[in-house]
Amino acid sequence: MVRQVKQPPIRVLIAKPGLDGHDRGAKIVARALRDAGMEVIYAGLRQTPEAIVQAAIEEDVDLVGVSILSGAHMALIPRIVQLLKRERASDIPVFAGGIIPDEDARRLKKLGVRAIFGPGASLEEIVTTARTLAGRST
Amino acid sequence: MKGTARLPNAAQAVRRGDRRALARLITAVENGDRNAEPALRALYPFTGHAQIIGITGPLGVGKSSVINELIAHLRGLGRTVAVLAVDPSSPFSGGSVLGDRIRLDRAPEDSGVFIRSMASRGHAGGVAIATRASVRLLEAAGFDIVLVETVGSGQVDVEIRDVATTSVVVLVPHLGDEVQTLKAGLFEIADVFCVNKSDLPGAERAEKHLTDLAGTGRPRNGWTARIVATSTSPPCGIDRLWEAIAAHEAFLDAGGRRSEEERRRLAKEIAGRVRDRVGERILEDPALHGLVDRVIARTLDPETAARELYAERFPPR
Ligand SMILES: Nc1nc2c(ncn2[C@@H]2O[C@H](COP(=O)(O)OP(=O)(O)OP(=O)(O)O)[C@@H](O)[C@H]2O)c(=O)[nH]1
Ligand SMILES: [Mg+2]
């Protein structure tokens, strides 16, 4: 039987927590990651941090991307990181995208968020970072 | 990189209800990782007790939405539920976006639900094998019911009847659907028809049409397909949908059909696994290449070549 000829695809969960209903950005990123050969699990709108962490574990993803525009990032993202820790799953890296002021970005990174992308970030940059975070360079 | 399945610890962890261990084993199965085999072997005796319900139908008819409502209904009945959503994948890049994940308003700590999506692309050993093995893992983890969502329009090579104990075909009340149903062969596989989006016009007509078809059609193995109208916004008919599924499950038990069906499925699965291996062997067979040369030169046709090679490798006893 042919077995594992090539590396299995990177699995990534894209989540859009918070109450605002704009997931254009999240969807564009999801598509870019897919086009780069990843399996993207799209968590859908308005998920709670609990549901996102639950999904990350059940889907056995290599990383979690969180998109936030609502300004609630300082409430939601640390909660996701904290819950992952509680589930002994803090080996799953978290990255975030959206409108996040520099000051907050610094604090989030300190809390363990591995990468943060502002609205100006290129898709290429996001894909490359995602690969690295998943432990696959090149 | 994610750890490969460490075993037989992994099997023990799955039995203990360790969700992460379960998730990782499913990944290993998807990747055709041979390290998962000891765990699969160790867990196999714990399978065979779950009801495996296939939920299939064309794109966008509301399969995930119906599953969402079914989960809520079943949790209300105290049953535990796992979902395996097998999604189509992008043919272009090898990647895939696995739909909106089934959106649950479940209690975050509810360990009675487990939801997993699986891309239908390029798993070593094939989707059908990965699907079956994943379902078994979910069974061994102790879930009472496993719901398997597949897109049924002929593109996906999971034959839901080879996995599920009850197959539900979801349709919507649109003109022309009836014809498509028959074309796609969905009629043959349905134990239960779910006419979803019954809040839209035409639902009654579709339901009646299907009822007529089911009435005139030959009952398969003594079971006549049931037709249930549902809607998920607002939820309606979900209890009746489950009743119809449960009725089919009871039918399987009553007539001894369950073990007959299981025998059919397992025989087909084992034969398929053997066929895969034989195929691999033949591909490496030096005699094959000699034959291919002659087929290319047009001095031999493919069917005769196959017969020759088959007769040589599998001589009649
Ligand atoms: N009007 C109406 N819309 C519905 C109903 N159920 C689902 N939908 C809508 O139909 C669309 C598709 O729903 P899904 O549940 O994702 O359908 P699906 O069959 O799982 O889709 P795929 O997995 O992509 O094939 C969504 O926009 C739903 O909101 C219903 O009962 N009535
Ligand atoms: Mg779906």
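The values are calculated or read from the model by the stated rules, or taken from the named source; none is laboratory data. Every value quoted in this text rests on a predicted model; they were computed, and no experiment measured them. When we count neighbours, we look across all protein chains shown, and the Cβ atoms used for this are built from the backbone with ideal geometry, even at glycine. What goes into the accessible areas is simple: the full protein's heavy atoms, side chains included, and nothing from ligands, DNA or RNA. Shrake-Rupley method; radii C 1.70, N 1.55, O 1.52, S 1.80 Å.
For the reader, a short list of remarks on this structure follows.
- Residue in segment B:149-163 that is in the same structural domain as B:R226 (by TED's automatic domain parsing), at pLDDT 90 or above and within 14 Å of ligand 2 (Cβ to nearest atom) present: yes
- Residue match in segment A:118-125 (condition: surrounded by 14 or more Cβ atoms within 10 Å (Cβ to Cβ), under 27 Å from A:D35 (Cα atoms) and in contact (Cβ under 8 Å) with a residue 24 or more places away in the chain): yes
- Within segment B:245-289, the residues that satisfy the criterion of being outside any helix (DSSP H, G or I) and not acidic (D, E) are B:G255, B:G256.
- Going through (1) within 14 Å of chain B (Cβ to nearest Cβ); (2) free of Cβ contacts under 8 Å to residues at least 24 places away in the same chain; (3) out of contact with any helix residue (DSSP H, G or I) (no Cβ under 6 Å at 6 or more places or on another chain) one by one, A:S90 falls short only on (3).
- Members of segment B:248-295 found to be in contact with an Asp or Glu (Cβ under 9 Å, 6 or more places away or on another chain), of a type in the set (G, A, S) and in the same structural domain as B:T224 (by TED's automatic domain parsing), listed by number: none
- All conditions in (1) surrounded by fewer than 16 Cβ atoms within 10 Å (Cβ to Cβ); (2) away from chain B (no Cβ under 14 Å); (3) not β-branched (V, I, T) hold for A:D104, with the sole exception of (1).
- Top-ranked residue of segment B:58-96 - restricted to ones that are modelled with pLDDT under 85 and either polar (S, T, N, Q) or not in a loop (DSSP other than H, G, I, E, B) (or both), ranked as farthest from ligand 2 (Cβ to nearest atom): B:S93
- Against the criterion of being more than 14 Å from the chain's Cα centre (by Cα) and part of a helix (DSSP H, G or I), A:K110 qualifies.
- Matching residues, segment B:97-128, being more than 7 Å from chain A (Cβ to nearest Cβ), within 16 Å of ligand 1 (Cβ to nearest atom) and either modelled with pLDDT of 80 or more or open to solvent by less than 20 Å² (accessible area, probe 1.4 Å) (or both): B:I102, B:M118, B:V127
- Among the residues of segment B:6-44, those that are acidic (D, E) and open to solvent by 10 Å² or more (accessible area, probe 1.4 Å) comprise B:D18, B:D33, B:E37.
- Qualifying residues in segment B:273-286 (those that are surrounded by 12 or more Cβ atoms within 10 Å (Cβ to Cβ) and more than 12 Å from chain A (Cβ to nearest Cβ)) - the one farthest from B:R307 (Cα to Cα): B:D285
- Tally of residues being assigned to a loop (DSSP other than H, G, I, E, B) and modelled with pLDDT under 90 across segment A:10-36: 6
- Scan segment B:244-269 for residues that are in contact with a strand residue (DSSP E or B) (Cβ under 9 Å, 6 or more places away or on another chain), under 21 Å from B:R79 (Cα atoms) and in contact (Cβ under 8 Å) with a residue 12 or more places away in the chain and the total you get is 7.
- Condition check for B:W242: assigned by TED's automatic domain parsing to the domain that holds B:A133, modelled with pLDDT of 75 or more and touching a Leu at 6+ places or on another chain (Cβ under 7 Å): yes
- Residues in segment B:76-90 that are more than 9 Å from ligand 1 (Cβ to nearest atom), out of contact with any Lys or Arg (no Cβ under 7 Å at 6 or more places or on another chain) and not hydrophobic (A, V, I, L, M, F, W, C): B:G76, B:G78, B:R79, B:T80.
- Restricting attention to segment B:27-42, the residues that are part of a helix (DSSP H, G or I) and among the polar types (S, T, N, Q) total 2.
- Scope segment A:54-74; condition open to solvent by 10 Å² or more (accessible area, probe 1.4 Å) and either in a loop (DSSP other than H, G, I, E, B) or under 23 Å from A:P8 (Cα atoms) (or both); matching residues: A:Q54, A:I57, A:D62, A:L69, A:S70, A:G71, A:A72
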